[in-house]
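Here's the structure, in structure tokens; my notes come after.
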Amino acid sequence: MKTIILISILLTSALFAQSNLPDNLTGAHSTFDFKRGGVNISTNPVPYNSTTPENPGIKGEDHPDSSGSITRYTYQEPVSIGTYCSEAGNGLKSLVGWYLNNERASAYGNTNSSPLWELQETPQSPLYYNFVGISTTGNNAADGFFHNLYFLNGTNGTPIWTLDLTTLPYSSSAGPLGITSSGNFVVATANGSGSSDSSTIFGFNNSSNVPVWTLRIGQTGTVGSQFQGLKISGNDSLVIVNTYITVYVIKTYTGQLIYSGTVNPLNNNGTQSQQAISGNGNIIATINYSGYVRVLQWNGTTYNLLWQHQEPPGSFYNWMSSVDVSNDGSMVACGTLNFITNTHYDGKVKLFSVSGGSTPLWTYTGDSDEVSAVAFSKNGRFVCASSWGSYYTGAAKNLEVWKTNHITNQPWYAVNSPGSFFCCSISDDGQTVIGSGKAVHARSFGSGGIFYNLSIDTTENLVGINSNHNNIPKEYSLLQNYPNPFNPSTNIGFRISYFGFVKLTIYDILGKEIAVVVNKNMQPGSYEVTWDASNYPSGVYFYRLEATGFTDTKRMILIK
């Protein structure tokens, strides 16, 4: 108890102490941040000298929560706070890093909140995160906390090897890390503590604590050189790493740097969030505290900007606070932190089609505060988001799941916890979603953490009727397929206003009919159908919708 009280006193003094940063971070402030467990570079919003009104977002159709989805269990931790969490690709095991008090990494199954195993760590200053990662099968895991890096047997939590980072040159405390889906390799970071040290990225085989490769990124005399995020691509070939100001793309197994760029070319409002990369690394997305998401594509030599989108500023710059790219590279999801005033907040989730450009497919408003993380299932059918929730009313949903092929901004399933979620993770098939965080709101003093495990109903009919007849479409419409280009399947959405006969036909580039996807009477509603082109060659195709008094045709591209 005395330890907890002493930490609370230290945190109180740290929270309200501000100091100026070097000139390259003009306008930012450095304070302790309960959410991130360390130095927070941009705690205060940056004023924006314009009165441009905020975009209210795109209103989608209401969709009821999935009746088959449930919250399997919740766990409230009495003294620690959940930092990072990671869900195994097979959805059978979760890993959570706890910090502040009783620091440890805990593995959980889907039955109840009793840990399968725990790795207990030596108590340290509360200024250090606890970073975790787990392989697809859950058989291997990694943990980084303070000076230590662990590679673990995921079955029982026994360390296969341990590394004291202070024994390596130019390193001090553990930073973000990632483990390949196969579990055979770990990419980890270490943040230098002084002007003579260097922030470093390492690659390790699962059999040895001797780095296979080491990449130093320069002196760390400023906070802006500390690592903020790391993510390995879905096929394990590339890893994206970022500091507050710079983003790097590196070959996972060799450490070869293939790209470095600025998180925010506009100014030095960088980010403390993880950046995003597609499964094969062809698409990356970066975000920053000027409110931009920037989507870039690999051209064989470097990454070129495809498009960018800004969350419109008001009196202050609004932040893009989280981002992910779907495994197939067709979609981008972003979370925001909106400054209504300097003491009142909101948060949004936005879903984009990469080929569709900078206009969101939909925008979900009302998360009430920072959207701390977004994550796609590997199959691309689901996206989840975690947020801090409402500081004032506690009424906002703060762990949410959407179906990406539904043309609506309403969550498929969501929960409202009494605290704040700092991280979320999702299984490859979308059936398991987890979230970890703080037991009370992130902007409130108080100890304790939360961990939620959700079971998501992934039932998907090829053609699904919106059963909410209060939202019958007012007019017919044929929507652009997604993903586009695609391989081998794509989703086609359309809306029917009246009962009647509907036909959806696929044609090749010569106008020859090659498939009839829908050919029947249908009730009014919103529909999606999946066309599998596995048996067709690459090329341009057309799809045509015919309904009562309505006909429309659109173009799509199959690339194999």
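For the subset of region 336-358 comprising residues that are among the polar types (S, T, N, Q) and more than 20 Å from the chain's Cα centre (by Cα), which member is modelled with the highest pLDDT?
It comes out as 341.
Do you know which residues across region 91-103 are at pLDDT 95 or above and surrounded by fewer than 22 Cβ atoms within 10 Å (Cβ to Cβ)?
92
Consider region 234-244. How many of its residues are crowded, with 24+ Cβ neighbours inside 10 Å and assigned to a loop (DSSP other than H, G, I, E, B)?
Adding up the residues that qualify gives 1.
Of everything in region 520-560 that's over 15 Å from residue 501 (Cα atoms), surrounded by fewer than 15 Cβ atoms within 10 Å (Cβ to Cβ) and hydroxyl-bearing (Ser, Thr, Tyr), which residue is modelled with the lowest pLDDT?
Ranking the qualifying residues of region 520-560, first place goes to 534.
Going by the structure shown, is residue 251 among the charged types (D, E, K, R) and under 20 Å from the mean Cα position of the chain (by Cα)?
no
If you scan region 105-135, which residues turn out to be in a strand (DSSP E or B) and at pLDDT below 95?
Across region 105-135, the qualifying residues are 120, 130.
Which condition does residue 312 not pass, out of (1) touching a strand residue (DSSP E or B) at 6+ places or on another chain (Cβ under 9 Å); (2) outside any strand (DSSP E or B), if it passes all the others?
Among (1) touching a strand residue (DSSP E or B) at 6+ places or on another chain (Cβ under 9 Å); (2) outside any strand (DSSP E or B), residue 312 violates only (1).
If you go through region 136-174, how many residues are assigned to a strand (DSSP E or B), among the small types (Gly, Ala, Ser), touching a Phe, Trp or Tyr at 6+ places or on another chain (Cβ under 7 Å) and over 14 Å from residue 202 (Cβ atoms)?
Count: 0.
Return the residues of region 207-227 that are in contact with a strand residue (DSSP E or B) (Cβ under 6 Å, 6 or more places away or on another chain) and at pLDDT 95 or above; say none if nothing qualifies.
209, 211, 212, 213
Would you confirm, using the coordinates I've provided, whether residue 379 is among the polar types (S, T, N, Q), part of a loop (DSSP other than H, G, I, E, B), closer than 30 Å to residue 486 by Cβ and out of contact with any Phe, Trp or Tyr (no Cβ under 6 Å at 6 or more places or on another chain)?
Considered against the rule, which asks whether it is among the polar types (S, T, N, Q), part of a loop (DSSP other than H, G, I, E, B), closer than 30 Å to residue 486 by Cβ and out of contact with any Phe, Trp or Tyr (no Cβ under 6 Å at 6 or more places or on another chain), residue 379 comes out as yes.
Hey, could you check region 259-284 for residues that are without any contact (Cβ under 8 Å) to a residue 40 or more places away in the chain and not in a loop (DSSP other than H, G, I, E, B) and say which is farthest from residue 187 (Cα to Cα)?
So, considering only residues that are without any contact (Cβ under 8 Å) to a residue 40 or more places away in the chain and not in a loop (DSSP other than H, G, I, E, B), the one farthest from residue 187 (Cα to Cα) is 262.
Among 296, 337, which is the only one that is surrounded by fewer than 24 Cβ atoms within 10 Å (Cβ to Cβ) and in a strand (DSSP E or B)?
Residue meeting the stated conditions: 296.
Could you say whether any residue in region 475-490 is surrounded by fewer than 20 Cβ atoms within 10 Å (Cβ to Cβ), at pLDDT below 85, part of a loop (DSSP other than H, G, I, E, B) and not hydrophobic (A, V, I, L, M, F, W, C)?
Yes: one or more hits.
Give just the number: which of (1) touching a residue at least 24 places away in the same chain (Cβ under 8 Å); (2) surrounded by fewer than 24 Cβ atoms within 10 Å (Cβ to Cβ); (3) closer than 18 Å to residue 76 by Cα does residue 109 not satisfy?
All conditions pass for residue 109, except number (1).
Just give me the residues in region 507-541 being of a type in the set (Asp, Glu), touching a residue at least 12 places away in the same chain (Cβ under 8 Å) and assigned to a strand (DSSP E or B), in sequence order.
Scanning region 507-541 gives 528, 532.
Is it the case, given these coordinates, that residue 289 is crowded, with 19+ Cβ neighbours inside 10 Å and at pLDDT 95 or above?
The answer is yes for residue 289.
Of everything in region 154-171, what is of a type in the set (Asp, Glu) and surrounded by 17 or more Cβ atoms within 10 Å (Cβ to Cβ)? Give them in sequence order.
Selection gives nothing.
The values are calculated or read from the model by the stated rules, or taken from the named source; none is laboratory data. Since the model is a prediction, treat every value here as computed from it, not as a measurement. Neighbour counts run over all protein chains shown; Cβ positions are idealised from the backbone, glycine included.
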